[in-house]
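Some notes on the structure that comes next.
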Amino acid sequence: TVSMQSKAKTITEYLKELTPVQRVSLTKLRTAIKNNLPEGFREVMNYGMIGYVVPHTIYPKGYHCTPDLPLPFMNLAAQKNFIALYHMGLYMNEPLMQWFVTEYTKRFPKKPDMGKSCIRFKKAELIPLELIGELSRKITVKDWITMYEKSVVQK
């Protein structure tokens, strides 16, 4: 099983490392994101996970911690006991976080299992694919750069 820091260089390699169950769940989640992500974001391997980033061609400064890396936005990872979706927009945008939790609890009997920017899905059937698609559409590249610069760069 893959952990947070896979050494895979490509998404295909990464998917090959997963168990069949993880691969199915992650692929469904990945499809929901890719079908809804606003123009400009690029899917890459970063931090040993599948990442959705603002490429240097759009945001040449890159990520403030590591400028040679593109600006991260979302990541997908298969952990030992769950699939994780890391969404920086949720972390930096309280109204978006409230919207997500409210919508999730309308569709499922309990609150999502979440950390600061991490949503953990322990069961494939509890991955709200439609909701993740909606979430993926909510922030454009321009919105994300503005949010990022306000919260991170100015500190």
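The values are calculated or read from the model by the stated rules, or taken from the named source; none is laboratory data. Nothing here was measured: the structure is a model prediction, and the numbers come from that model. Using ideal geometry, Cβ is built from the backbone for each residue, glycine included, and neighbour counts are taken over all protein chains shown. Note: areas computed on protein heavy atoms with side chains; ligands, DNA, RNA excluded. Shrake-Rupley method; radii C 1.70, N 1.55, O 1.52, S 1.80 Å.
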> Counting only residues that are open to solvent by less than 20 Å² (accessible area, probe 1.4 Å), farther than 17 Å from ARG23 by Cβ and touching a residue at least 60 places away in the same chain (Cβ under 8 Å), how many does segment 110-131 have?
Replying inline: 0
>> If I go through segment 87-120 residue by residue, how many of them are in contact with a Phe, Trp or Tyr (Cβ under 8 Å, 6 or more places away or on another chain) and outside any strand (DSSP E or B)?
In response: 9
> Of all residues in segment 60-76, which are touching a residue at least 60 places away in the same chain (Cβ under 8 Å) and either open to solvent by 20 Å² or more (accessible area, probe 1.4 Å) or among the charged types (D, E, K, R) (or both)?
Replying inline: HIS64
> With respect to THR57, is the statement that it is loosely packed, with under 15 Cβ neighbours inside 10 Å and in a helix (DSSP H, G or I) true?
Replying inline: no
>> For the list (1) closer than 21 Å to LYS7 by Cβ; (2) touching an Asp or Glu at 6+ places or on another chain (Cβ under 8 Å); (3) at pLDDT 95 or above, I need the number of the one condition that PHE82 fails.
In response: (3)
> ASN75 passes all but one of (1) in a loop (DSSP other than H, G, I, E, B); (2) touching a strand residue (DSSP E or B) at 6+ places or on another chain (Cβ under 6 Å); (3) within 15 Å of ILE139 (Cβ to Cβ); which number fails?
Replying inline: (1)
> How many residues, within segment 132-146, are part of a helix (DSSP H, G or I) and buried (at least 17 other Cβ atoms within 10 Å of the Cβ)?
Replying inline: 7
> Condition test on LYS138, is it in contact (Cβ under 8 Å) with a residue 40 or more places away in the chain, of a type in the set (Lys, Arg) and touching a helix residue (DSSP H, G or I) at 6+ places or on another chain (Cβ under 7 Å)?
Replying inline: yes
>> Looking at segment 3-16 only, could you name the residues that are open to solvent by 10 Å² or more (accessible area, probe 1.4 Å) and free of Cβ contacts under 8 Å to residues at least 40 places away in the same chain?
In response: LYS9, THR10, ILE11, THR12, GLU13, LEU15, LYS16
> Among the residues of segment 28-54, which ones are open to solvent by less than 50 Å² (accessible area, probe 1.4 Å) and not in a strand (DSSP E or B)?
Replying inline: LEU29, ARG30, ALA32, ILE33, ASN36, LEU37, PRO38, GLY40, PHE41, GLY48
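Assess whether MET92 counts as being surrounded by 18 or more Cβ atoms within 10 Å (Cβ to Cβ) and not hydroxyl-bearing (Ser, Thr, Tyr).
Taking the combined requirement at face value, the residue satisfies it.
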